[in-house]
Amino acid sequence: MLPGLLELRDFATRYTAAWCSQHPESVAAFFSQDGSLRVNDDPPAVGRNAVAEVAQSFMTAFPDLSVVMDDLLLQGDQAEYHWTLTGTNTGPGGSNTGPGGSGRRVRISGFEKWRIGCDGLIASSQGHFDAAEYRRQLSGPKTSA
C-alpha cells in the first residue's frame, strides 16, 4: 500500500537530495534491506550495498551530478518518480572513455517505477531512461558548464 501523496512527495524530495549528495549510502538508505534497483535492461542491484554501488557509479562518473524531481505520479499500487539528471562526465565511468571521462555534459530525463514495501521504503525500483541518447551525449562535442 502506498503512503499518502504528501508523504510520498516528501520521500521523493529527500530521495532526490540523496542523489545530489555524493553519498551513495544516502541513496541506498531509501531502499528496503533487500530492495532492488534496476536501470533499463541491466540486471537488478539487490540489497543496499548493491544499490549504493549503482549510485556510486553515477556519482563517480559525474562529480557535479545534479538530479531534479520533475514529477511524482501514482499508478495503482506503484509510484512513478520522474527525474532529470545533469552532470559533466569528468570522472571515470559513464561510458567506455577510460580514466577522466569524456568531459562532456549530459542532460537526460527518465523515471523510476517504485513499489513501496511494508517498511515504507523502496522494495523495487524499475528505472528507465533513453540509453541511446545518453551514449550520444557522452560521445558528442564537449560543452562548457
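Computed quantities for the displayed model
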quantity: Residues of segment 1-72: accessible area per residue with a 1.4 Å probe, Å²; calculated: 52
quantity: Tilt relative to the chain, helix 5-19 - C-alpha long axis, 0 to 90 degrees, to 10; calculated: 30
quantity: Cα gyration tensor shape of segment 1-62, rounded if a/c is under 1.5, else prolate or oblate by comparing a/b with b/c; calculated: oblate
quantity: Tyr15, Tyr134, ranked by accessible area, largest first (probe 1.4 Å); calculated: Tyr134, Tyr15
quantity: Surface accessible to a 1.4 Å probe, Leu65 within the full protein complex, Å²; calculated: 10
quantity: Degrees between helix 48-61 axis and first principal axis of the chain (Cα, 0 to 90, nearest 10); calculated: 30
quantity: FRET efficiency for Leu6 and Asp42, using Cβ-Cβ distance with R0 set to 41 Å, rounded to 0.05; calculated: 0.80
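The values are calculated or read from the model by the stated rules, or taken from the named source; none is laboratory data. No experiment lies behind these values; they were computed from the predicted model shown. In this analysis, Cβ positions are derived from the backbone assuming ideal geometry, glycine residues included, and neighbour counts consider all displayed protein chains. These area figures cover heavy atoms from the full protein model, side chains too; ligands, DNA and RNA do not enter into them. Shrake-Rupley method; radii C 1.70, N 1.55, O 1.52, S 1.80 Å.
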